[in-house]
Amino acid sequence: MRRLPTRTTRAREALTALAAVTLLGAAGLAAPATADATTAAPGPTPAPATSVTGDGLALTPPMGFNNWNSTHCRAEFNETMVKGIADIFVERGLKDAGYRYVNIDDCWALPERDADGKLVPDPARFPHGIKAVADYVHSKGLKFGLYTSAGTRTCDGSGFPGALGHEYSDARQFADWGVDYLKYDNCNNQGVDAKGRYITMRDALRATGRPIVYSICEWGENKPWEWAGDVGQLWRTTYDINDSWGSMLSIMKQNLPLSRYAGPGRWNDPDMLEVGNGGMTDTEYRSHFSMWSMMASPLLIGSDLRKATPAAFEILANREVIAVDQDPLGKQGSVVSSSSGRWVVVKELADGSRAVALFNETESAQRIGTTARAAGLPDADAYTVRDLWQHTTTNTAGTVSATVPAHGTVMLRLSVDDTWASYPPAVETALEAAPLLEAGKTTELTTTVTDLGRTPARDLSVALTGPAGWRIEAATPHTDGTVPTGASLATTWRLTAPAGTPTGAYALTLTADYRSPLGVTARSVLPVRTHVVVAPPAGTSYLSDLPWLAAANGWGPVERDAANGENQAGDSGPLTIGGTVFAKGLGAHAHSDVEFYTGSACTTVSALVGLDDESGAHGTVAFEIWADGRKAASTGVLTNDAPAQPLKADITGARTVHLVVTDGGDGIGYDHADWADAKLSC
């Protein structure tokens, strides 16, 4: 938890929402079809780190669980649940993967202290008390964490006792119960200086003599990264995360610039993991887990593991990705480039190798690449590339590149290694552009397979497959005997979806099979998402009456003919700007991006735009219309006192248009944005 306690739920959640990312390594880097697919990443074992804070706590980012994101204060949060999570840690291999802390959040206590001023565990939730739960967790070889707030009350609306003025007494209770980790929140702080409040609890914890990891949860309001290095072991850098792509992305962007403040025993904390809670796709969850690991973030599972899917467990237990997060050098990854939503983030590791994340923020597949030199490695004849999601190893002459799916991340470990020649060359499988097909019409698509390795790719064969009943034919050669370093095989394909195919997204798969000069066979697989679309109607249409190709939103869904509301569709009021109510349009929340197919047949997009009146006296946004990657029209920054502004763009010849809302440059609180009377003329 938490957010600003004086605001509405919607506004508080909005603070954590978006800023305009996941799949897995399949995206275009070769995988040997040999036993190497399960071997560990190459390179020497790093030496253990030493403490830089002097207390020896959290020399690597803490890993564990916290119940808040999945249960909040519901009745299911109780002693049985907490013990069950500890059991799952052991039974499902999470303990062996490095997860140690089983932490409980708000609502564990009774609303009032006892006559001696002591905290009292809620007997309905914890009939045997907190110490009994801590003892059970410890019996599993795990550690136990607890929550309170640096204020008079905690953050839940019911108001449980906070620790302000009771620091030494509460710390003593925590130590006596066997607490190993304290999350210290920031609600109801009575305006007392933040640094002073957090230092007081630090001193109280130290006075107990028990080693307790200290998590400072003041939401980044007072820039704790600048002063908390000798106060706690980790500090929140943002408001709360929620289980959405927009929230995760916004928080990642706020946390990435703080890399210089992180190190052993002192970690930037961008909040808990949402992996497995169901609000994002598995591709987005892989990006979430990848980028938190690249940022050396604490990895605290926020989903109810009793209900988690096999895919969630597979993501959370990926030891090669975890090893990047837990690397003893303690470096947080830094941004090498971030052009047009195509991110390259590099993290230096203790063995001299580099973790490289190719992260795609956008709504369509993107080619993203870098070089060994840009990643900070010395010149060498060749390098090994370990794909941490595909668990495969290849060699490269120095370039790493992949076509990364929308919201996807390819995560690699790049190293100088004398054994590089024993691995097949890395190849990049790519496509010219994700195809948009009208059912019954033939569309051409060009794919390329490029040898990035120091060695040639032999006997290359490329195949493109799709749904049953689709006609897919190679119009140009799709095999080649030898593809040398830097060379490519380009193939044009003709695709036809049967007449009557419903509109929507469909999966294609591009596969390249080849072998190395030493005879090692390899395969590179690129998932491709295509859309079957319908031509836009002639004349002028309301965009809210037309299907969109994709929609990303900073809080909840984009709404049709209604303002942006809470986290569910249809839970808000009418579109209202400056007191004027509009019957038609789209309700969004920064950062938002809604894509429509225009099929080169349309001429203009127009709307009346502004902040919805439900934002009150808050919020700043800017509106943009993009046509085939070109910004066709935009407003300046609009505030709550601006009336509806006309916005019109010439989109002649464009195949797609994007309606984009940005945050105005000051964060995303209250940024409820309306595209009123939005129309498309064709």
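The values are calculated or read from the model by the stated rules, or taken from the named source; none is laboratory data. This is a predicted model, so every value here is computed, not measured. We place every Cβ from the backbone using ideal geometry, glycine too, and count neighbours over all the protein chains shown.
Overview of values
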{"read-out": "Single residue of 116, 176, 135 found to be loosely packed, with under 15 Cβ neighbours inside 10 Å, more than 26 Å from residue 100 (Cα to Cα) and assigned by TED's automatic domain parsing to the domain that holds residue 254", "value": "116"}
{"read-out": "Of the criteria (1) part of a helix (DSSP H, G or I); (2) farther than 19 Å from residue 234 by Cα; (3) of a type outside the set (Lys, Arg), which one residue 158 fails", "value": "(1)"}
{"read-out": "Residue 261 in contact with a Gly (Cβ under 6 Å, 6 or more places away or on another chain), at pLDDT 95 or above and of a type in the set (Phe, Trp, Tyr)", "value": "no"}
{"read-out": "Test: residue in segment 100-109 that is at pLDDT 95 or above and out of contact with any strand residue (DSSP E or B) (no Cβ under 8 Å at 6 or more places or on another chain)", "value": "yes"}
{"read-out": "Residue pairs meeting the criteria (Cβ under 7 Å; at least 6 apart or on separate chains; first more than 24 Å from residue 167 (Cβ to Cβ), in segment 119-130; second among the β-branched types (Val, Ile, Thr) and modelled with pLDDT of 95 or more)", "value": "none"}
{"read-out": "Residue match in segment 375-391 (condition: crowded, with 20+ Cβ neighbours inside 10 Å and within 30 Å of residue 660 (Cα to Cα))", "value": "no"}
{"read-out": "Hey, residue 493 more than 30 Å from residue 399 (Cβ to Cβ) and surrounded by 14 or more Cβ atoms within 10 Å (Cβ to Cβ) or not", "value": "no"}
{"read-out": "Hits in segment 597-619 - residues which are under 24 Å from residue 668 (Cα atoms) and either surrounded by 23 or more Cβ atoms within 10 Å (Cβ to Cβ) or not assigned by TED's automatic domain parsing to the domain that holds residue 656 (or both)", "value": "607, 609, 610, 611, 612, 615, 619"}
{"read-out": "Single condition residue 169 does not satisfy, out of (1) in contact with a helix residue (DSSP H, G or I) (Cβ under 8 Å, 6 or more places away or on another chain); (2) part of a helix (DSSP H, G or I); (3) of a type in the set (Ser, Thr, Tyr)", "value": "(1)"}
{"read-out": "Test: residue in segment 162-170 that is in contact with a Phe, Trp or Tyr (Cβ under 8 Å, 6 or more places away or on another chain) and over 16 Å from residue 68 (Cβ atoms)", "value": "yes"}
{"read-out": "Scan of segment 422-450 for residues that are surrounded by 15 or more Cβ atoms within 10 Å (Cβ to Cβ) and farther than 22 Å from residue 483 by Cβ, ordered by number", "value": "434, 435, 436, 437, 438, 439"}
{"read-out": "Residue pairs meeting the criteria (Cβ under 8 Å; at least 6 apart or on separate chains; first under 25 Å from residue 56 (Cα atoms), in segment 174-194; second in a strand (DSSP E or B) and among the basic types (Lys, Arg))", "value": "180/143; 181/143"}
{"read-out": "In segment 285-302, the residues that are surrounded by fewer than 24 Cβ atoms within 10 Å (Cβ to Cβ) and within 23 Å of residue 263 (Cβ to Cβ)", "value": "none"}
{"read-out": "Pairs, first at positive phi and of a type in the set (Gly, Ala, Ser) in segment 383-401, second at pLDDT 95 or above and not in a strand (DSSP E or B), C-beta under 9 Å, six or more apart", "value": "398/372; 398/373; 398/377; 398/379; 398/380; 398/382; 398/452; 398/454"}
{"read-out": "Search result, residues across segment 280-299 that are assigned to a helix (DSSP H, G or I) and either of a type outside the set (Gly, Ala, Ser) or outside the structural domain of residue 228 (by TED's automatic domain parsing) (or both)", "value": "282, 283, 284, 285, 286, 288, 289, 291, 292, 294"}
{"read-out": "Residues being under 26 Å from the mean Cα position of the chain (by Cα) and assigned to a loop (DSSP other than H, G, I, E, B) - total across segment 616-627", "value": "1"}
{"read-out": "Verdict on residue 573 being closer than 20 Å to residue 658 by Cα, out of contact with any Lys or Arg (no Cβ under 8 Å at 6 or more places or on another chain) and not assigned by TED's automatic domain parsing to the domain that holds residue 243", "value": "no"}
